[in-house]
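Accompanying notes for the structure given below.
The values are calculated or read from the model by the stated rules, or taken from the named source; none is laboratory data. These figures come from a predicted structure and were not determined experimentally. Virtual Cβ from ideal backbone geometry, glycine too; neighbours counted across all protein chains shown. Accessible surface is based on the protein model in full, side chains and every heavy atom, while ligands, DNA and RNA are left aside. Shrake-Rupley method; radii C 1.70, N 1.55, O 1.52, S 1.80 Å.
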Amino acid sequence: MLYAYRDASTAPVPVKMVFGAVGPSSFYPEDWSNYGLDKNTEESKKAAAGLFGIMAGKTIDPSIFGTPQYDEQMKDISALLWVNKDSVPSLMVCGKHDKVQPFVASVRLEKALEKNKVPHDYIVFERSGHGLQNDDADMYTYYQKLTEYLNKYMPVKWRLLPTGQ
C-alpha cells in the first residue's frame, strides 16, 4: 500500500492498482483497542508511542498524538496518509474481528479512498479475524473482484509464438 500510494507517480515499474488483505494502513492509538492503546492514560500513550515508534524506526513522543506533527512522524509507514485524488485503484479486504490489524484502521483507509474518489472496493469479512477464515463466500467475492481488477487495470496481451520457438 505504501509503495502504491506514495510512489506510483515516480515508480520505475508502473503501479496500476493495489490489492491487499488485512494490511496495516494507519497508526492512531484510538484505533488500536485490540492492544489497549485506545485508553487515554499515560500508560496507554507510552505503550502506543513505543509500539508505533518501533514500527516507524523512530522515537515517538506521546504528547504529539492527534497533531499534524504526529501524522508527519508516521507518514513513512502509514499508507492512509498518502491517499489522494491520484491514488491507484484499490481492492481491500479486512476481517471485522481482526485482533492483529485493527478493523477500525481499515475503515479510515476506506473513508480516505472514498473522500478522494479513488476507484476501490472494500470487502469486510463479517465473521473473520486476521486470517479471514470464516467467510468463504466473501473470499470467493474477493477472488472474483481481484480477477476483475487485474483484467481492467493490468490486462494481459497474449500473443502466440510461431511454431518452433
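Taking all protein chains together and a 1.4 Å probe, the residues 136, 76 rank 136, 76 from largest to smallest accessible area. Sorting 91, 80 by accessible area puts them as 80, 91; the probe is 1.4 Å, largest comes first, and only protein heavy atoms count. Taking all protein chains together and rolling a 1.4 Å probe, residue 110 ends up with roughly 40 Å² accessible. Residue separation times 0.36 nm, minus the C-alpha to C-alpha distance between residue 144 and residue 85: what's the value? Length difference between fully extended and current span is 18.7 nm. Computed from backbone phi, the HN-Hα couplings of region 69-78 come to 4, 5, 4, 4, 5, 8, 4, 4, 10, 10 Hz, rounded to whole numbers (Karplus: 6.51 cos²θ - 1.76 cosθ + 1.60, θ = phi - 60°; Gly and Pro given as x).
The angle between the Cα long axis of helix 103-115 and the main principal axis of the chain comes to about 60°, on a 0 to 90 degree scale. Shown are 140, 35, whose ranking by accessible area with a 1.4 Å probe and every protein chain present, most to least, is 140, 35. For the chain, the fraction of 1.4 Å probe accessible surface lying on carbon and sulfur atoms is 55 percent.
Taking Cα centre as origin and charging only the Cβ of basic (Lys, Arg, +1) and acidic (Asp, Glu, -1) residues, the dipole magnitude of the chain rounds to 560 debye. Between the Cα long axis of helix 136-153 and the first principal axis of the chain there is an angle of about 60°, rounded to the nearest 10. How much accessible area per residue does the chain have, in Å², with a 1.4 Å probe? Computed with neighbouring chains in place, this is 61 Å² per residue. Per-residue surface analysis assigns residue 1 an accessible area of about 50 Å², computed on protein heavy atoms at 1.4 Å probe radius.
Amide H to amide H distances under 5 Å link residue 121 with 90, 91, 92, where only residues 5 or more positions off or on other chains count and H is placed in the peptide plane. Taking label points 7 Å from Cα along the Cα-to-Cβ direction, residue 137 and residue 67 give a separation of 4.9 nm. If you take the alpha carbon atoms of region 18-134 and fit the smallest convex hull around them, that volume is 99 Å³ per residue.
Our summary gives the chain a relative contact order of 25 percent, counting only alpha carbon pairs under 8 angstrom and 6 or more residues apart.
With 21 Å as the limit, the listed pairs 16/58; 16/157; 117/157; 39/75; 58/111; 39/99 have 16/58; 117/157; 39/75; 58/111 beyond it between alpha carbons.
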